[in-house]
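To start, the structure under review is shown below, and the notes come after it.
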Amino acid sequence: MGFAELCFGSAMGILRSEVDVPHSTFVTAPQLIDTADDGTIIVGSGYVTSISTTCKCIDTASPSNIANVGTIPSTIASNMSSQVIGLGSYPAMVNYVTQNTSSIIIYTILTGTNVCTLTDPSQIGYPICITTAYDHRTASISITFMTDGTPASIAPKKADILSVGSTSDISWMYAAYVAILEGAQTSTMLPETFKGSINPLLWWTSSNMQSVNPALLSAGVETLFSILGRAGVQRSYSHTSTRCTESIIDTNSIVLRMSTAGFTIGIIFFALQMIMVILSFMGTIPWLLCKNPIYPGIRLVTDHVFFMVMTNSTLVALFGVNPTMDTPLIWTKFDFIVRVGEAIKTRDDPDLGHTIMDKPKFVTNFVKGKSYY
């Protein structure tokens, strides 16, 4: 059992101690027998088991108090009472595991937790928890592994239930619990791993890993028996192995896929765009073949700065145009026919021409090969 299985409850299934669910769902996932990279996911067959726990306090660990909690035989209750009294305040758990046709019932008395306080200081109260494991089924499980790059650090990180199958024989789980607890009625020591801490099996019953929190007790015991259930399965179930093909996902690359409908729409839009481009190009052909170029005139109409320079000329000023006017207002002043072209005075210059907007008799056509100002 790897340390990550004690740190990451998600590796054991859906635990009530970590998520808001009415009970825990313990997952027996496929086990890795080879090396793996960080983030490796294995999909295979496994089991899911529902686990539910309720806890209460008893004022004394007498056989009658223990027997009255549930269906505990008097001889078993007497043995449990003797074990609890013998342990005193030492941290431990005393368990009795029983089963019926559809479930496993585990009675657990915790000692040394100081959870139950009594009005009579001479008496010692003990929490007793009833854990029921039921609805044991086959399932398809996806298990994610984590590692820092060394084989010794490989451990399960997250188990996901993909699908749930048929009911399985829960007596195998009963055998797993008996195997890991070393008997149907036993006591197990829970020593602290370092000074001032509680045993790792009780971490989920605590908010600080130093003392058991009564509010977290029942959910934490469900996690405790999920951990013991996995360890018991690993030690008691027969093992079979298989090989699987490794698929590596490159997280630094992105694969985009387009549906058939999207591809068709894209082709249609591309075709329309090409048609518009071709029509636009065809529209420029007359300009290219025209004897007299019209670009200088187009520049005069579209280039506001160039247009304002033209409005400062003497001829345009004669039309009553104020150069500070907005372009639309300037055009409204031209209530008679004007022509855009080359000034007659520069017609004989082979290299440089002057662009003007004036009465037609003062304007001539543009000529190819000349520069205009």
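We did not get these values from a lab; they are worked out from the coordinates using the rules stated. No experiment lies behind these values; they were computed from the predicted model shown. Cβ: placed from backbone, ideal geometry, glycine included. Neighbour counts: every protein chain shown.
For the peptides 354-365, 196-207, 213-224, 31-42, what is the packing order when you average, over each peptide's residues, the other Cβ atoms within 10 Å and list the highest mean first?
Descending packing order for the listed peptides: 213-224, 196-207, 354-365, 31-42.
Cβ neighbours within 10 Å, averaged per peptide: list 70-78, 252-260, 133-141, 175-183 in order, most packed at the top.
Top to bottom by mean Cβ count within 10 Å: 133-141, 175-183, 70-78, 252-260.
Going by C-beta contacts inside 10 Å, put Val48, Val69 in order with the fewest on the left. Don't skip to the end; give the middle numbers.
On the way: Val48 23, Val69 15.
Ranked by crowding around the Cβ, least crowded first: Val69, Val48.
Take the eigenvalues of the Cα gyration tensor for region 35-135, scale each by 5, and report the square roots as semi-axes in whole Å, largest first. Present the calculation step by step, with values, prior to reporting the outcome.
Details: eigenvalues 223, 67, 27 Å².
Equivalent-ellipsoid dimensions as semi-axes: 33, 18, 12 Å.
Taking the beta-carbon count within 10 Å as an exposure proxy, list Lys370, Lys195 from fewest neighbours to most. Please list the in-between numbers first.
Values: Lys370 16, Lys195 5.
Starting with the residue having the fewest Cβ neighbours, the order is Lys195, Lys370.
With Cβ to Cβ distances under 13 Å as the rule, what net charge do the other residues near Asp358 carry (K, R +1; D, E -1)?
Computed value for this residue: +3.
Only counting other Cβ atoms within 10 Å, I'd like Val19, Val340 sorted with the fewest neighbours first. Write down the numbers at each step before the final one.
Details: Val19 11, Val340 18.
The fewest-first ordering by Cβ neighbours comes to Val19, Val340.
Taking a virtual spin label 7 Å from the Cα of Arg299 along the C-beta vector, which residues in region 338-373 bring their backbone nitrogen under 11 Å of it?
Within reach of a label on Arg299, which here means backbone N under 11 Å from a point 7 Å along Cα→Cβ, region 338-373 contributes 353-355, 370-373.
Around Thr150, with a cut-off of 15 angstrom between Cβ atoms, what is the net charge of the other residues, counting Lys and Arg +1 and Asp and Glu -1? List each step's numbers first, then the result.
Working: positive: none; negative: Asp34, Asp37, Asp38, Asp148.
Result for the neighbourhood of Thr150: -4.
Working only with C-alpha atoms, what are the Rg and Dmax values of region 4-236, expressed in angstrom?
18.2, 57
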